[in-house]
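For reference, the structure is listed below as structure tokens.
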Amino acid sequence: MLCEHCRERQASIHITQVVNDKRLELNLCTVCYQKEAGKFNLLVQPDFNFHSILAGLLQPEAPEAIQAPVAADACRNCGLTFSDVSKAGQLGCSECYEQFAAALEPVLRRIHGNALHVGKVPRRTGGQVRARKEIEGLRARLQDAIRREAYEEAARLRDEIRRREKDLGREGGES
């Protein structure tokens, strides 16, 4: 995509501003962005490099902090080594997550506070996934109610879990 300002260079900076419910989208090259930067109240500098931040997070604070896989261990799929991942701050493919899981888990915990993805589920396609997540939440509430000895609430939650599991079973059988 070409820069919307000079129409000469590739746009590498994409800005979206919403002011008074009006949305402005602008795609600029780094040269035009530096000229126009004063117009935008942005905290990010144009030479901001997300991958270098990730690479820095992959570097252990102390040599023994992260037990990195042996340098000779490379991804079965793309051939990337953990050393390459640490330098680039970027994985080569989805297999890298499995190959380097032990070394990546502490980094993910540091960044996200958890190594398990608990993000949003698409509305159109995630009906069963969302239902399972809701059931997991109800089970956690059930365990809490039992721990607090709130048996009436626990019975209500148990019945709700059973009802939702039955509904989920019907939905899964029809697909």
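The values are calculated or read from the model by the stated rules, or taken from the named source; none is laboratory data. Remember, predicted model here, so these are calculated numbers, not experimental data. Note that we place each Cβ from the backbone using ideal geometry, even for glycine, and neighbour counts take in every protein chain shown.
Checking each residue in segment 91-150 for being at pLDDT below 85 and on the phi > 0 side of the Ramachandran plot picks out only 113. Does residue 86 meet the test of being surrounded by 15 or more Cβ atoms within 10 Å (Cβ to Cβ) and either assigned to a helix (DSSP H, G or I) or modelled with pLDDT under 75 (or both)? So residue 86 fits the description; yes.
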